[in-house]
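What follows draws every value from the coordinates through simple rules; no lab data is involved. Since the structure is predicted, the reported quantities are computational estimates derived from the model, not experimental observations. Every residue, glycine among them, receives a Cβ derived from its backbone with ideal geometry; neighbour counts consider all protein chains shown.
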Amino acid sequence: LRFPFELNKEISCVLQLMNKSDDFIAFSAKTNKSKYYTRPDNGIMSPWSMRYIVATMRAQEGAPSDMQCNDMFILQNTSVREGLADIDINEQLFAERAPKVVDEMKLPIVYVPLAQHH
């Protein structure tokens with residue numbers, strides 16, 4: 001995930017999720033909640049559907065000296081039965097199934113310095 005870093009400003013980037021299966025998929029996004037938030041942070045995707053998630057970095061008062069970021073964005077997903085609603089998705093659902101039937105993707109977060117205008 002690439003965030004064009006700017007001090008004291010919330011910055012968002014968009015993730016596109018695709019369900020390329022015949023199953024209903026529950027997803028859950030996890031990251032450092034003190035620095036980022038995600039909308040939605042979990043939900044259900046029907047078969048062969050697409051959905052967007054917006055990840056937002058909260059306004060930062062200081063930049064890392066070398067613009068390096070060690071934060072990770074973790075996206076978990078697992079197939080679920082039809083009929084579950086977004087509201088049914090919670091930590092417990094994933095905790096009960098992990099690690100056997102939960103896929104997990106780790107996406108590094110990268111800060112991109114804004115171009116300097118002279």
Which one, 53, 83, 14, is farthest towards the positive end of the dipole of segment 2-112 when Lys and Arg carry +1 and Asp and Glu -1 on their Cβ?
14
Under 19 Å from a point placed 7 Å out from the Cα of residue 106 along the Cα-to-Cβ direction: which residues of segment 64-83 have their backbone N that close?
68-78
Which entry in (1) 20.1; (2) 16.8; (3) 15.6 matches Kirkwood radius over Cα pairs in Å derived from the coordinates of this structure?
(3)
Expressed in angstrom and rounded, the centroid-to-centroid distance over alpha carbons for segment 6-50 and segment 54-118 is 7 Å
Among all lysine pairs in the chain that are eight or more places apart or on different chains, how many have alpha carbons less than 24 angstrom apart?
10
